[in-house]
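The structure appears below as structure tokens.
What follows draws every value from the coordinates through simple rules; no lab data is involved. Keep in mind that this is a model prediction, so the values were computed, not measured. Here Cβ is always computed from backbone atoms with ideal geometry, including for glycine, and neighbour counts include all displayed protein chains.
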Amino acid sequence: MKNSIQRLLDNNKAWVKTELQKDPHFFDELANSQNPEFLWIGCSDSRVPANQITGTKPGDVFVHRNIANMVVHSDMNMLSVLSYAVEVLKVKHIIVCGHYGCGGVMAAMGNQQFGLIDNWLRHIKDVYRYHHTELDAIKDKDQRARRFVELNVVEQVNDLGKTSIVQNAWKKKQPLNLHGWVYDVKDGIIKDLDVTFSSTKDLHAVYHLEKQ
Ligand code: CO
């Protein structure tokens, strides 16, 4: 019996064969360059694969994933991805996609220690504190967790807008829209939270950054 890791490599060969049967030139263009229209910032959760749930192909979506789809402005990894996506690839849309049932968000709602990851979860706890009046008023724990997931996405969209990378693109009139979505692991449906940001006007004035 084949082990599980060998199964992945076999699947890969089968996938290549299928794609080439559909289109013999499938890899030709992809080998030379990528021209994705979207940057996806999603959770690392194995149940939320960006391409599969949006019906997109290799080359369509530039992807960054971390625990609870966070936009942490001191995270060099996120900033590097964002910078490359906006300044070089010139993506037109950035989607922050959270998901209901997110373990990171649920852990941030509780008080248990988990070790090193507590430092990451603290960014999510800050979101709870900003919105504690609304969240504390929701008595049902599951409903509160679902709303917390949504508010976390809204805050991460805000955090994208606060970056000089995004604001400088807007100043140059580069088309760039920020979106907040939530995927439901129970039925596979993505909910658009309608928090579209497309200029600095959509941000609180204190975050506006002017160049010297
Ligand atoms: Co998650």
Please compute the net charge surrounding residue 12, taking Lys and Arg as +1 and Asp and Glu as -1 over other residues with Cβ under 14 Å from its Cβ. +2
Looking only at GluC sites (Glu not before Pro) in DSSP loops with at most 14 other Cβ atoms within 10 Å, what is the longest site-free stretch of the chain? 38-209
DSSP bridge pairs, the chain: antiparallel proportion in percent, nearest 5: 15 percent
Restricting region 130-212 to trypsin sites (Lys or Arg not before Pro) in coil, as DSSP defines it, with at most 13 other Cβ within 10 Å: 139, 172, 173, 186, 211
The distance between the Cα centres of region 52-87 and region 170-201, in whole Å, is 13 Å
Treating the beta-carbon of each Lys and Arg as +1 and of each Asp and Glu as -1, no other charges, what is the dipole magnitude of region 1-98 about its Cα centre, to the nearest 20 debye? 340 debye
Beyond a 21 Å Cα-Cα separation, which of these cross-linked pairs lie in this structure: 57/162; 162/201; 90/191; 92/172? 57/162; 90/191
Run the dipole for region 146-212 about the Cα centre, Lys and Arg Cβ at +1, Asp and Glu Cβ at -1, nothing else charged, and hand back the magnitude in debye, nearest 20. 300 debye
Radius of gyration, Dmax [region 118-212; alpha carbons; angstrom]: 15.4, 49
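Given Cβ point charges of +1 (Lys, Arg) and -1 (Asp, Glu) and nothing else, what value in debye, to the nearest 20, does the dipole of the chain about its Cα centre take? Each step should come with its number before you reach the end.
Working: 26 positive and 25 negative charges, 28 e Å.
Roughly 140 debye for the chain.
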Residue by residue through region 72-84, which ³J(HN,Hα) values in whole Hz follow from phi under the Karplus form 6.51 cos²θ - 1.76 cosθ + 1.60 (θ = phi - 60°), with glycine and proline marked x? 9, 6, 9, 8, 4, 5, 4, 4, 5, 4, 4, 4, 5
Computed over the chain, the ratio Rg/Rh where both radii use C-alpha atoms and Rh is Kirkwood: 1.01
